[in-house]
Structure formats: structure tokens, C-alpha cells
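Everything on this sheet refers to the single structure shown next.
The values are calculated or read from the model by the stated rules, or taken from the named source; none is laboratory data. These numbers come from a predicted model, not from an experiment. Cβ placement follows ideal geometry from the backbone for every residue including glycine, while neighbour counts extend to all protein chains displayed.
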Amino acid sequence: MKKILDSLLYLLYPELCLVCGNSLVEGETVICGYCENNLPRTRFHDDSDNLVSQLFWGRVNLKAATSFLFFRRKGVVQQLMHQFKYKGEREVGRYLGKIFAQELVVSENYSDVDCIVPVPLHPDKQKKRGYNQSEEIARGMSEVFQIPCKNNLIQRAVYTSSQTKKSRFNRWENVSSVFVVPEPEAINYKNILIVDDVVTTGATLEACAQKLLQSTNSQVSIATLAVAYN
Ligand SMILES: [Zn+2]
């Protein structure tokens with residue numbers, strides 16, 4: 001009965017691909033197979049000297065760093081992220097997290113990760129948006145990796161005002177003191193993967209990584225859904 005009802009609902013309200021707008025067929029979620037195949041993938045994961053890891057050279061000692069997609073102005077990824085961040089399309093983040101993780105889980109650089117940690121959003125922002133977009137991505141990834149997503153491991157201490165117009169140095173000053181790890185001993189000897197939506201200067205991720213690396217023999221890698229690329 002439920003199946004019949006679902007089919008009827010589908011006829012009335014077909015789900016549409018968020019990129020091209022065509023109807024989705026059975027087995028497709030969020031975007032169609034064609035658009036999924038044509039996402040601007042970086043394929044950085046096995047390359048230790050990629051654009052994203054280079055961003056952190058001389059700043060923080062990461063095990064590895066990568067991004068899933070190239071983020072270009074007015075591109076497909078920007079379109080998807082907009083739906084995801086501002087239109088309440090939580091499932092977009094989960095879905096992208098899952099297809100990202102399917103690539104990462106088979107990469108030597110990431111296959112031995114112990115837990116996934118999303119970059120925390122300030123509680124005020126989270127209240128306004130209803131969810132933390134990084135956590136949605138991280139949850140999708142943790143399903144594929146079959147390891148825990150620990151969203152309280154690292155927390156935000158103080159508010160940082162909008163960072164968009166500040167220089168890298170000022171940003172660092174601004175973010176270096178905002179994260180706290182309430183139980184640092186919980187990640188001794190752990191291999192942690194920090195997850196965020198888009199990496200630009202990397203200042204926030206650097207600050208998170210520094211905090212997690214204060215634990216004994218912890219290792220930190222970074223994976224973002226997208227990297228800004230012109
Ligand atoms: Zn499509």
C-alpha cells in the first residue's frame with residue numbers, strides 16, 4: 001500500500017535533479033546520474049602534494065588533506081551549496097558526503113581514519129540555519145566509512161564576526177582562540193578526519209587541526225566538500 005502511495009505521490013510531485021531540473025528516476029537521489037558523473041571532481045585524494053594540502057604547508061602538520069569538488073563562481077557546486085546552506089536542503093549534504101566518502105574510503109591516505117569531526121558552527125548560526133552543514137556532510141561520510149561522527153569533540157568558544165573581509169593574518173588571530181577540545185585525552189593516539197564544506201584560506205581548519213594535535217600522538221587529516229578554484 002505504501003509503495004502504491006509513494007508511486008502516486010511521485011506522479012504528482014516528481015523529484016527533480018537539483019542541478020539540471022530533470023525528473024529523477026528510481027535509485028537516484030538529489031541529483032541525476034548524468035549530473036553526478038559530471039560533478040567537477042578534484043581527484044586529489046591519493047596525491048599528497050595536491051592544492052589543498054599545499055595550502056597548509058608550514059602552518060600545521062597534517063597527515064593528509066583533500067577536497068571532493070572544485071568550487072567555481074556560478075558553477076554547479078556553488079548552486080548545490082546554495083540549496084544546501086540556505087534553502088534547508090539537508091539531504092544534499094548527506095548525499096554529497098556519501099559520494100565523497102566512497103572515493104576516500106578506498107584511498108590509502110584516509111582508509112585508516114578512526115573518527116570524523118565536523119567543523120563546529122557557532123550555536124547562534126546553527127540555531128538560525130537549523131543545522132550545521134559540515135555535520136551533515138560528516139554524517140553522510142561516517143555512514144560510508146562506518147566510523148563515528150563526533151560532533152562535540154571540538155567546540156566553538158567565542159563568537160567570531162564575519163571573516164570575509166579580513167586578511168589571512170587577522171583571520172588567524174580571530175580564529176586561533178575560538179576552538180576548545182573539552183576532553184583532549186579522548187583522542188590520544190587517534191587518527192581524526194576534520195570535515196568542512198568549502199576551504200578558502202584554511203584558517204578555520206588550521207585552528208581546528210592545531211587544537212586536535214595537542215592530544216598525545218593524535219593524527220589529523222582534512223577533507224572538505226569543495227575547494228575554491230578560479
Ligand atoms: Zn541532472
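A few points about this structure:
- Top-ranked residue in the stretch 21-38 [being within 10 Å of the ligand (Cβ to nearest atom) and of a type in the set (Ser, Thr, Tyr); ranked as nearest to the chain's Cα centre (by Cα)]: 34
- Subset of the stretch 62-91 [among the hydroxyl-bearing types (Ser, Thr, Tyr) and at pLDDT 90 or above]: 66, 67
- Of the helices (runs of 4 or more DSSP H) entirely within the stretch 13-119, those holding at least 3 residues that are touching a strand residue (DSSP E or B) at 6+ places or on another chain (Cβ under 8 Å) and surrounded by 15 or more Cβ atoms within 10 Å (Cβ to Cβ) occupy 51-55, 76-86, 90-104.
- Pairs, first closer than 21 Å to residue 36 by Cβ in the stretch 100-122, second assigned to a loop (DSSP other than H, G, I, E, B) and of a type in the set (A, V, I, L, M, F, W, C), C-beta under 7 Å, six or more apart: none
- Single unsatisfied condition, residue 138 versus (1) hydrophobic (A, V, I, L, M, F, W, C); (2) modelled with pLDDT of 95 or more; (3) in contact with a Phe, Trp or Tyr (Cβ under 7 Å, 6 or more places away or on another chain): (3)
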